[in-house]
Amino acid sequence: MKPADALAQFVQDGLRAGHSPEELRRALTGAGWQEGEVAQALSGWQDAGLRLPVPCPRPQVSAREALLYGLLFATLLGLCWNLVTLGFALIEEWLGTRPDWRGTYIPRWAIATLIVVTPLFLWLYLHIERVHRARARASVVRRWFGAVTCLLAALTLLGAAISVVYGLLSGDLTAQFIANTALVVTVAGLVILFFRDFLQEG
Amino acid sequence: MRAAGIALVALAVVAVALGLWTIGGPEQARSENRDAQRMSDLHAMARHVRCLDANGLDPRAESPLCPLPEARRDPQTDAPYHISTPEDGIVTICAVFETAQSTRAPGFDADTGCLSIALRSTD
């Protein structure tokens, strides 16, 4: 039996035997269990006064949910990547710094991708939110999606900050460089603001 | 929907609109593709002229030594490209481009759309 299973079993038996959650908490912390582990184990059961512990709904992973969040992640990635690519190309075009050899196929690909991906992302997000609210149950996939998305966005911000310092040190802090960095920071910042709640809601 | 999400999607929509406005739509893309074909044709014809020149032949001659390039006509109007010898030892091949050309290929004049070839046989 895994330690977590033993803990859950103990809590269930303890509640069944008529002990209060506070008594069980004291016993477990006295035995060396961490506060977080004890809290998680206790949150799995509710003492409804029936002398029978009532199991609480636990976060679940379903294949359908994983598919939806996977698609949402892919479309979000496609949206952000192509938004930045298109932004870079437009900044280059407006500042007249596009090299001759580089045609317009890069921004055209980005536009084509955004036209397909943006409505799909929007639809997936609204659909997932509707399902999530209707179910009103914690989701492990949702929490992981939020964590990975915010991690990537935070790493992007970190990279942008390093680029700015490097640009400053190497004397390459041009208008194009500043505009490109501002775009990356804006997109990454919006992503973090958008999905940080997923971490808490889980 | 959260404000940040609306802003992200709105940014994408604005970027697409600005992209189409700046880079142009399908007609502009077709024009660019035809211009790329014209530029490729001019260079193919320039290689042909240099081959004839290297073999001591007239730039307008036809010879099995120098196979003719496949495309010698404008992809849209089907008019032949204009070949002239504005001065001794220089051959120019011209095309009418639809979009502004920014290429800095040697011998190419973006204003006139002409590619100049200096013949070695007249040196």
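The values are calculated or read from the model by the stated rules, or taken from the named source; none is laboratory data. Being a predicted model, the structure only gives us computed values, none of them experimental. Glycine gets a Cβ as well: all are built from the backbone with ideal geometry, and neighbour counts include every protein chain shown. Remember, those area values only see protein heavy atoms, side chains included, never the ligands or the DNA or RNA. Shrake-Rupley method; radii C 1.70, N 1.55, O 1.52, S 1.80 Å.
With a Förster radius of 56 Å, plug the Cβ-Cβ distance of A:GLN200 and B:SER84 into 1/(1 + (r/R0)^6) and report the FRET value to the nearest 0.05.
0.15
Between A:ARG51 and A:LEU95, what FRET efficiency comes out of the Förster formula 1/(1 + (r/R0)^6) with R0 = 56 Å and r the beta carbon distance, rounded to 0.05? Let's see the in-between values first.
Details: r = 75 Å, r/R0 = 1.33.
Once rounded, the FRET efficiency stands at 0.15.
Looking at the square roots a ≥ b ≥ c of the eigenvalues of the Cα gyration tensor of chain A, which shape do they give, rounded for a/c under 1.5, prolate if a/b is larger than b/c, or oblate?
prolate
Give me the inter-chain shielding for A:86-92: mean count of other chain Cβ atoms within 10 Å, whole number please.
The shielding value for this peptide is 3.
Give me the distance in nm between label points sitting 7 Å out from Cα along the Cα-to-Cβ direction at A:ALA66 and A:PHE177, one decimal.
Between A:ALA66 and A:PHE177, the label points sit 4.5 nm apart.
Among A:LEU72, A:GLY103, A:ASN180, which residue has its Cα furthest toward the positive end of the charge dipole of the protein assembly as shown, with +1 on Lys/Arg Cβ and -1 on Asp/Glu Cβ?
Going by the Cα projections, it comes out as A:LEU72.
Restricting to DSSP loop positions (anything but H, G, I, E, B) with no more than 14 other Cβ atoms inside 10 Å of their own Cβ, which trypsin sites (Lys or Arg not before Pro) remain in region A:1-94?
A:ARG51
Under a plain spin-label model, where a point goes 7 Å from the Cα along Cα-to-Cβ, how far apart in nm are B:GLU70 and B:VAL14?
4.6 nm
Any idea how far the Cα center of region B:96-119 sits from the one of region A:102-172, in Å?
Cα centroid of region B:96-119 versus Cα centroid of region A:102-172: 42 Å apart.
With a sphere of radius 13 Å drawn around the Cβ of B:GLN28, what net charge do the other residues whose Cβ falls strictly inside it have (Lys, Arg +1; Asp, Glu -1)?
Summing Lys/Arg as +1 and Asp/Glu as -1 gives -2.
Accessible area of region A:88-202 with a 1.4 Å probe: how many percent of it is carbon plus sulfur?
Solvent-exposed carbon and sulfur of region A:88-202 make up 71 percent of the total.
Kindly point out which whole DSSP H helices in chain A project their C-alpha atoms 20 angstrom or further along the helix axis while averaging a Kyte-Doolittle hydropathy of -1.0 or above.
Qualifying helices: A:63-95, A:105-135, A:140-169, A:175-201.
Working from Cα positions, state the angle (0 to 90°, nearest 10) between the long axis of helix B:3-23 and the longest principal axis of chain B.
The answer is roughly 20 degrees.
Provide the solvent-accessible area of B:ARG50, counting protein heavy atoms only and rolling a 1.4 Å probe, rounded to the nearest 10 Å².
The accessible area of B:ARG50 comes to roughly 120 Å².
Taking the solvent-accessible surface of protein heavy atoms with a 1.4 Å probe, what is the per residue accessible area of chain A in Å²? Show your work: numbers first, answer last.
Working: 11670 Å² over 202 residues.
Solvent-accessible surface per residue comes out at 58 Å².
Determine the shielding of peptide A:183-191 by partner chains: average, over its residues, the number of Cβ atoms on other chains within 10 angstrom of each Cβ.
Neighbouring Cβ atoms belonging to other protein chains average 3 per residue here.
Taking a probe of 1.4 Å and counting only protein heavy atoms, give the total accessible area buried between chains A and B in Å², rounded to the nearest 100.
Counting protein atoms only, the buried area is about 2200 Å².
Enumerate by residue number the chymotrypsin sites (Phe, Trp or Tyr not before Pro) in region A:78-170 meeting two conditions: DSSP loop (anything except H, G, I, E, B), and at most 11 other Cβ atoms within 10 Å of the site's Cβ.
When the chymotrypsin sites (Phe, Trp or Tyr not before Pro) of region A:78-170 are filtered for loop state and at most 11 Cβ neighbours within 10 Å, A:TRP101 remain.
May I ask which residue of A:ILE91, A:LEU151, A:THR118 lies farthest towards the positive end of the charge dipole of chain A, with charges of +1 (Lys, Arg) and -1 (Asp, Glu) on Cβ and the Cα centre as origin?
Value: A:THR118.
Using Cα-Cα distances under 8 Å and only pairs 6 or more residues apart, what relative contact order does chain A have, in percent?
The value is 21 percent.
Across peptide B:96-107, how many C-beta atoms of other chains are within 10 Å of each residue C-beta, on average?
1
Leaving ligands, DNA and RNA out of it, work out the accessible area of A:HIS19 with a 1.4 Å probe and give it in Å² to the nearest 10.
Surface open to solvent at A:HIS19 totals about 90 Å².
Sorted by accessible area with a 1.4 angstrom probe, largest first, how do A:THR174, A:THR113 fall?
Largest accessible area first, the residues go A:THR174, A:THR113.
How far is it, in nm, from the label point at B:LEU57 to the one at B:ARG120 when both lie 7 Å from their Cα along the line to the Cβ?
1.7 nm
Taking θ as phi - 60°, what are the ³J(HN,Hα) couplings along region B:29-38 by the Karplus curve (6.51, -1.76, 1.60), each to the nearest whole Hz, with x for Gly and Pro?
5, 5, 4, 5, 5, 5, 5, 5, 5, 4
In terms of modelled amide H atoms, which long-range or inter-chain residues lie less than 5 Å from the amide H of A:GLN46?
Under 5 Å from the amide H of A:GLN46 lie the amide H atoms of A:VAL54, A:CYS56, each far enough along the sequence or on another chain.
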